1. Could you list which residues have their amide H under 5 Å from that of LEU61, counting only those 5 or more apart in sequence or on another chain, with H placed in the peptide plane?
2. Could you calculate the contour length gain from ALA37 to ALA186, that is, 0.36 nm times the residue separation minus the distance between their Cα atoms, to one decimal place in nm?
3. May I ask for the Rg/Rh ratio of segment 113-199, computed from Cα atoms with Rh as the Kirkwood radius, given to two decimals?
4. Which whole-angstrom value gives the distance between the alpha carbon centres of segment 163-201 and segment 84-131?
5. Would you compute, for the Cα atoms of segment 255-320, the largest minus smallest coordinate along each principal axis and list the three values in descending order, in whole Å?
6. Determine the principal axes of the Cα atoms in segment 234-345, then give the extent along each, sorted from largest to smallest and rounded to whole angstroms.
7. Would you mind getting the Kirkwood hydrodynamic radius of segment 1-109 from its Cα pairs, rounded to one decimal in Å?
Amino acid sequence: MDADPGIVVIGAGQAGLSAAYHLRRLGLDHVVLDAGAAPGGAWQHRAPSLDASSLHRIFDLPGLPFTPPSSGSAASVVAAYFADYERHFGLDVRRPVRVLSVSRSSSSSGFVVGTTGAPLHARAIVNATGTWTRPYIPTYPGTFAGRQLHYAAYRGPAEFAGLRVIVVGGGNSAVHVLSELPGVAASVRWVTRRPPVFHDGEFTEDHGRAVIASVTARVTAGLPPASVVSVTGLGYTTLVRAALAKGALDRHPMFDRLVPTGAMWGTTFEPADVIIWATGFRAALTHLAPLHLREPGGGIRMTGTATTREPLVHLIGYGPSASTVGANRAGRAAALSLAAVLPPHRFAAGPGGDSHPHPNAPQAAHSRA
């Protein structure tokens with residue numbers, strides 16, 4: 001096995017990089033394992049048609065402000081920012097390394113992290129794997145003979161030229177698709193299980209606290225976290241306004257069943273060539289299954305960012321921290337919590353609170369974008 005890194009951070013997206021920044025400042029020895037071939041987290045896999053200028057907001061990672069360019073795909077812009085961040089702070093991010101399992105060590109305290117490379121032993125785990133690798137498509141009665149794809153595979157409107165498209169889902173992913181397809185596709189029908197709720201004006205601190213409290217209540221009870229948009233509603237973002245201007249936000253209730261050439265609402269038939277499922281994602285946590293963290297309700301009970309069953313396993317970017325600003329805060333909270341319980345560190349804090357590696361600590365493996 002490799003030398004014990006102290007803490008293994010799994011994932012180098014917003015949450016993972018935030019955690020690594022704070023762990024470094026606190027002098028906690030750690031390594032970040034990232035399954036991606038390059039920096040950028042899930043952002044690098046977003047559709048090229050999603051322009052950075054259309055995003056509601058990309059929150060800064062701690063310690064290095066993000067200055068968005070006037071144009072450019074969100075995928076390339078955010079990936080470049082993440083790459084700069086890793087280089088700027090000399091973060092020890094190793095990629096591509098996919099974590100296959102995390103289990104309790106049978107020979108000593110801590111955890112064994114099984115990977116596509118050599119296994120690692122860790123005193124603690126900070127899991128920041130997000131949801132992008134687990135797209136969710138619900139099951140509906142019937143059989144559809146046309147093309148079906150999840151939003152994760154959506155690359156832009158061009159491939160749907162002249163086709164009849166049904167877009168399923170009530171969140172920001174669906175709105176992105178709906179802002180682009182009108183005028184390209186032959187027809188676009190938007191369907192959701194529940195009527196969408198639009199939120200006008202800025203999200204206040206009180207509203208933010210209410211949202212976090214709602215999601216926190218579920219994970220505290222050991223239930224799977226609800227989607228963020230189910231609590232916040234849809235804000236009037238650039239994409240929402242673009243979809244409204246094109247008349248694309250004419251919502252219809254969910255169909256009853258699929259048929260080979262379309263969908264049925266009772267006896268009403270809607271022909272379709274393509275169904276795009278913008279139906280969200282599930283937390284990518286299968287590698288944690290050996291730890292048996294799930295409660296009978298299907299979720300993972302949390303105390304802050306720590307899992308109740310394994311207090312040295314922290315989940316960030318999960319539940320109440322499943323947003324960019326929430327992930328930043330959770331990264332800091334996890335680092336502070338671990339600093340309070342772990343033994344002496346291999347890093348020593350330098351001027352300004354930045355840390356410098358102990359001479360025997362693993363050296364950073366930098367990736368170039």
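1. PHE66
2. Stretched out fully, the ALA37 to ALA186 stretch lengthens by 49.9 nm.
3. Using Cα coordinates only, the ratio equals 1.14.
4. Using only Cα atoms, the two centres lie 38 Å from each other.
5. 53, 23, 21
6. 66, 35, 20
7. Kirkwood hydrodynamic radius for segment 1-109: 15.1 Å.
FYI, it's all coordinate maths here, none of it is from the lab. What you see is a predicted model, and the numbers here were worked out from it, not measured in a lab.
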